[in-house]
Amino acid sequence: MDEGWVAVDATASAPALVRMMIRLAYDGAAFAGWARQPGLTTVQGRVEDALALIVRRDVRTVVAGRTDAGVHARGQVVHCDLTEAEYAALNRGKTLSAEEALKRRLNGILKRTGAGAVVIHETQRAPQGFDARFSALWRRYSYRISDASITVDPLVRNSTLYVGATLDVDLMNREAQSVLGHHDFLSFCKPREGATTLRTLQDFRFERDSFGYITAHLQADAFCHSMVRSLIGASLLVGEGREEAGWLRHRLELQVRDSRSLLAPPHPLVLEEVKYPEESQLEARANMTRARRRPVESSQA
């Protein structure tokens, strides 16, 4: 149903709306990313098609973080708007709550149509002022790497990047620390027209576990397109000794994206969690984020 789909915002025909918050997880290997694309299988397409089967109309979803092709999620969040009548009809007169009924029905459809690649963990009526994208305080990602210091395990090849060299984790952590804070991350993003590349990187570190695997942890108020994979790619260049210490900070200040930018593969990347403020702060947070995301002049750093 992806091809030729036209999403309809319920606000166009129904003044009384119920906003639903949906928490979900998915294996990104089966999808061409989150966002709907003509002729391609996407996570948004699967979820919206399932919603359409339940409420019998097109339903538009808004996502906390758009993931690229091949990227996974354990803690993705979306919202959609239903009419009061659609919400009331979800449980079809059964003893289940409307929220639990929606969760079960969505999972049933998604299991049939996508072999379980998408799983709904929670559905609930959203608090006043909630917006899955703009109300978020931060998003947290992980990225798992196996270097030459451990034996290759083929059972985790679909969620791990294998690197032929032994990585200097301490050096990579010093590089990661050098780009923490509020910056223009143009050098590490694929800019979208009219969108800002100003972001606040709150956490960026590498940890080697007892088995020898290295996991990168990244948290920011939001990530622009390809930012996580670009930061990982640049860190790998330093960790392998292909670039000298100070490379990440140099690239950040250079404000250029060119052939020396390395984009790490998508398959080890996981959206782990999206954090929201207390209910009383949701609307204020959404309004503040919208204001911050206004386009910036090219001269801004």
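The values are calculated or read from the model by the stated rules, or taken from the named source; none is laboratory data. Nothing here was measured: the structure is a model prediction, and the numbers come from that model. All Cβ positions, even for glycine, are placed from backbone atoms using ideal geometry, and neighbour counts span all protein chains on display. Side chains included, ligands, DNA and RNA excluded: accessible areas come from the protein's heavy atoms. Shrake-Rupley method; radii C 1.70, N 1.55, O 1.52, S 1.80 Å.
Observations, loosely collected:
- Inter-label distance for R290 and D58, nm, one decimal - labels placed 7 Å from Cα along Cα-to-Cβ: 2.2
- For segment 97-109, backbone phi angles converted through the Karplus equation (6.51, -1.76, 1.60; θ = phi - 60°) give residue-by-residue couplings of 5, 4, 5, 5, 5, 5, 4, 5, 5, 4, 5, x, 5 Hz, Gly and Pro being listed as x.
- Each part reduced to its alpha carbon centroid, segment 167-215 and segment 76-125 end up 36 Å apart.
- D_trans [Stokes-Einstein, Kirkwood Rh over alpha-carbon pairs] for segment 77-127, 20 °C, 1.002 mPa s, µm² s⁻¹: 183
- Cys residues of the chain that find no other Cys beta carbon under 4.7 Å: C80.
- Phi angles across segment 138-143 convert, under the Karplus curve 6.51 cos²θ - 1.76 cosθ + 1.60 with θ = phi - 60°, into 3J(HN,Hα) values of 7, 10, 10, 10, 10, 8 Hz, Gly and Pro given as x.
- Think of each Lys and Arg Cβ as +1 and each Asp and Glu Cβ as -1; about the Cα centre, that makes the dipole of segment 91-171 roughly 800 debye.
- Helical runs assigned H by DSSP (4 residues or longer) give the chain a calculated mean residue ellipticity at 222 nm of -7500 deg cm²/dmol, each run adding -39500 (n - 2.57) before division by the residue total.
- Within the chain, the proportion of C-alpha pairs whose separation exceeds 27 Å stands at 46%.
- Accessible-area composition of segment 44-200, carbon plus sulfur, in percent [1.4 Å probe]: 50
- A crude spin-label estimate for the pair D153 and S178, with each label 7 Å from Cα along the Cβ direction, gives 3.2 nm.
- Per residue, the average separation of C-alpha pairs within less than 8 Å and at least 6 apart gives the chain a relative contact order of 21 percent.
- Taken about its Cα centre, segment 19-134 carries a charge dipole of about 240 debye when Lys and Arg each add +1 at the Cβ and Asp and Glu each add -1 at the Cβ.
- Angle between the chain longest axis and helix 43-55 axis [Cα atoms, degrees, rounded to 10]: 10
- Measuring how big segment 151-301 is from its alpha-carbon positions, Rg and Dmax come out at 16.6, 50 Å.
- Potential extension, L96-L263 segment - 0.36 nm per residue separation minus Cα distance: 55.5 nm
- Listed by chain and number, the lysines whose C-alpha is less than 26 Å from the C-alpha of K94, apart from same-chain residues fewer than 8 away, are K103, K111.
- Lys/Arg +1, Asp/Glu -1 at C-beta; the chain dipole; positive extreme among S142, L51, F185: L51
- Per-q log10 I(q)/I(0), segment 128-230, q = 0.22, 0.24 Å⁻¹ (Debye; single scatterer per alpha-carbon; no solvent): -1.17, -1.27
- Residues whose amide H falls under 5 Å from that of H121, counting only those 5 or more places apart or on a different chain, are R23, L24, A25, with hydrogens built in the peptide plane.
- Degrees between helix 227-239 axis and first principal axis of the chain (Cα, 0 to 90, nearest 10): 20
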